[in-house]
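What follows is a short report on a single structure.
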Amino acid sequence: MEGPIPPTISQLKNMTQLRISDLRGKQMQFPNLQDLKKIERLTLRNCSIFGRIPGYVGTMPLKLLDLSNNMLNGPIPDTFRQLHFDNMFLGNNALSGEIPSWVLISDKNIDISYNNFTHTSTQGCQPSTINLAASYSDTMNTFNNTESWCSMKPLICPTEAKYYSLFINCGGGKITYEGNDYEQDLTNKGPSYFFSSSDRWAFSSSGVYVGLANASNIATNRFLLNISGANFYNTARLAPNSLKYYGLCLRGGSYRVRLHFAEIMFSNDSTYSSLGRRIFDVAIQGRVVLKDFNIMEEANGVGEVIIKDFDDITVSSTLEIHLYWTGKGTNAIPDRGVYGPLISAISVTPNFKTGRRLPVGAVIGIVLASIVVVLIVLFSLWKKGIFGGKINQEELELRALDLQTGHFRLRQIKAATNNFDPANKIGEGGFGPVYKGVLTDGAVIAVKQLSSKSKQGNREFVNEIGMISALQHPNLVKLYGCCIEGNQLLVIYEYMENNCLARALFGRDDQRLNLDWATRKRICSGIAKGLAYLHEESRLKIVHRDIKSTNVLLDKDLNAKISDFGLAKLDEEENTHISTRIAGTVGYMAPEYATRGYLTDKADVYSFGVVALEIVSGKSNTNYRPKEEFVYLLDWAYVLQEQGNLLELVDPRLGSNYSKNEAMRMINLSLLCTNLSPTLRPSMSSVVSMLEGKVPLQAPIIKRATSSNDEMRIRSFEKLSHDSEITQVSTYSQDSQGQSMNAPWNNSSGSIPSKDESSNRLLQDLYDLNID
């Protein structure tokens, strides 16, 4: 069926049960049900309903309320405290505000998981009948005790990521199979439940079976089916609506996820008990990997084993496996409650060599001894003049850093780059030239060489190495190591075969890449995930400060990787004002940072919005001027928004081969991220969710700056920026392309002097931007 729900349904005033789920069609507001005074069971699940929940719902004589999987926002109505319900499901919405105290002390089954609540006065984890998993917004920081991490969003590893594998016997006891110990999973609580097995794994279950509220969430082989294979196929965990498993504290890298299934709740004869059909979807890390999955059909029968392998799942710390019912199949054959997702076992193994870790004491001893030896050797070499005199400050600082990278000898790098042969030069960054090299083992590398003429200086060089050495994420450029011999300061990165995003989008005609819509979406999502990691997930909370299309590199599979951390700063909540030097790239800097030096992670959100707009349009923000009165591409976007013609921004090279809904989502998200007010910009984790369609996008109307003093300053700054760019920054025209076509990236970061310096020096530190 398709929505919206007709208003005439309110005329059925004697109705006691209304169950509507999984509606297709357009989004709709909450239907008018105010006249339904006798409703006891109200289910409007996954109906694309947006807006606030009407207060009158709390006056209904409800025993069951299910409004899950919609786009509802705002607080839980105060009238809900009057309800005498047994089950209430409000999960997977965008509800916000404070969680009412009556919810946290209720003995009823309540699911408010996967929302955006921002405050609660109650300490500790939720009662077993209340599912709060991932119910808080990313900015919520009320909980401090170690037992409360389980209800926060995202599910953060409370200790160091230390595991390389995970084995769970879903719905069964401990078992050893093929040399692996599968952990037991025997918890059988209510329909809205979150369970955490220490810091290793957890699961979240929600929903209630129609007409069978007290059904078990553990299935057994009740028809005594003859199942070949491991014993764990004789049991399974199931859920009415949603079942999520989390692998926690996994070391970053690529993993194989193996899901084990066997249908054990139907018979394999010709009786009524064999007529059931179980259909559900499976998503891993937010991506749907199984659609309309039917265990019985896939395995060719009841009691037959089917294994689904997913070989390249990227994990930074937390793995999410989501099984969920979409309203398909049977729900009362052979009995009520035999539907929803079901799984027998989960195994997660690494695609990389793990090695065996030494005891902590041994590691500490080795590290201390190594440090002493290195210091003695370095001192001896210095005394002998091997370094050509005094060791400079940058070398000392680099050696003092606890770098989690390799150290290269200068002769290795010279051999790899053929002694820095100009033919191997692939770009010119803010620090100096970048070379392509090939190590003796065949590994292709990129070498960034600090130039003695670099205006950014050695400080940013040291900063970049220190920052990236502590970061590991699939959407961040990988640092292989550094070289600090003599006056040579070199950084060695992974080589990006497909250059940078700027060149792919608006380089020369013979340099541009044919990026289809799916690839552009993936690139945009990759940038967002990389920034979400920097802002919220990494041990060091980092503001990049220079997000732009030239600092987004593309690997051979066109996956996005953020680069150039020379300007990055730790996110210090109590020190947000930069009083000395504002650094970044004009056209991508947030207004509050460019004009007042106010720096938070929302500055990166602004820059991301600009880059996302470039991805959709295929045009440079700073170089595209459809009319003389428009300074930037972003300027033009505001006008098209006011005119209701935002789709004019879409790159004409795409033709009609793109989704208009997805394009509108990405454009509106770009405008939301570039809001003049940093407080109105979303967090990057919220951006990821909105890009993936997990939460609704309600972009505010953004007017072009008109009258206020602050807005006028911003407009003046934009004008000054543009005037300077005409003379200081090269465009992407063919005439300006003079270097090798193999150039993968260039950095054009600059700095803006402090406020007491004269305005005519405002942009003198910017570097020329040559895309090749």
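Please treat every number below as a calculation from the coordinates, not as lab data. From a predicted model like this one, the values you see are computed outputs, not experimental measurements. Cβ sites come from the backbone with ideal geometry, for glycine too, and all protein chains shown count toward neighbours.
Taking the simple approach of a point 7 Å from Cα along Cα-to-Cβ for both Leu680 and Arg256, what is their distance in nm?
Taking the simple label geometry, Leu680 and Arg256 are separated by 5.1 nm.
Within 12 Å, Cβ to Cβ, of Val616, how many net charges do the neighbouring residues add up to if Lys/Arg are +1 and Asp/Glu are -1? Display every interim value, and only then the final one.
Details: positive: Arg520, Lys521, Lys619, Arg653, Lys660, Arg665; negative: Glu614, Glu648, Asp651, Glu662.
Around Val616, the charge tally is +2.
Can you compute the modelled spin-label distance between Gln29 and Asn300, with each label point 7 Å from Cα toward Cβ, in nm?
So the two model labels end up 5.5 nm from each other.
In whole Å, what is the distance between the alpha-carbon centres of the range 590-610 and the range 488-539?
20
Using packing as a proxy for protection, rank 4-14, 172-182, 80-90 so that the peptide with the highest average count of other Cβ atoms within 10 Å comes first. The partial results should precede the final answer.
Numbers: 4-14: 12.2, 172-182: 13.8, 80-90: 18.9.
Result, highest mean first: 80-90, 172-182, 4-14.
What does the charge count around Met296 come to, taking other residues whose C-beta lies under 12 Å from its C-beta (Lys +1, Arg +1, Asp -1, Glu -1)?
Working: positive: Arg277, Arg278; negative: Glu263, Glu297, Glu298, Glu304.
Once positives and negatives cancel, what remains is -2.
So what's the net charge close to Arg256: Lys and Arg +1, Asp and Glu -1, counting the other residues with Cβ under 10 Å from its Cβ? Display every interim value, and only then the final one.
Numbers: positive: Arg258; negative: Asp309, Asp311, Asp312.
Once all neighbours under 10 Å are counted, the net charge is -2.
How much length is gained if the chain between Thr271 and Asp22 is pulled fully straight, taking 0.36 nm per residue apart and subtracting their Cα-Cα distance, in nm to one decimal? Don't jump to the answer; show the numbers that get you there.
Values: separation 249, 0.36 × 249 = 89.64 nm, distance 3.00 nm.
Full extension of this stretch gives 86.6 nm more.
Give the shape of the range 166-350 as rounded, prolate or oblate, defined through the alpha-carbon gyration tensor: a ≥ b ≥ c are the square roots of its eigenvalues, a/c under 1.5 means rounded, and otherwise the shape is prolate if a/b is larger than b/c and oblate if not.
Details: a/c = 1.62, a/b = 1.44, b/c = 1.13.
Prolate.
Percent relative contact order of the range 166-350, based on C-alpha pairs within less than 8 angstrom and at least six residues apart? Before the final figure, lay out each step's value.
Details: 479 pairs, mean separation 52.9, N = 185.
Worked out over the range 166-350, it gives 29 percent.
Calculate, for Gln643 and Asp510, the FRET efficiency according to 1/(1 + (r/R0)^6) with r their C-beta to C-beta distance and R0 41 Å; round to the nearest 0.05.
E between Gln643 and Asp510, to the nearest 0.05, is 0.70.
Rounded to the nearest 20 debye, what is the charge dipole size of the range 166-350 about its Cα centre when +1 sits on each Lys and Arg Cβ and -1 on each Asp and Glu Cβ? Please report the intermediate quantities before stating the final value.
Values: 16 positive and 17 negative charges, 84 e Å.
My answer is approximately 400 debye.
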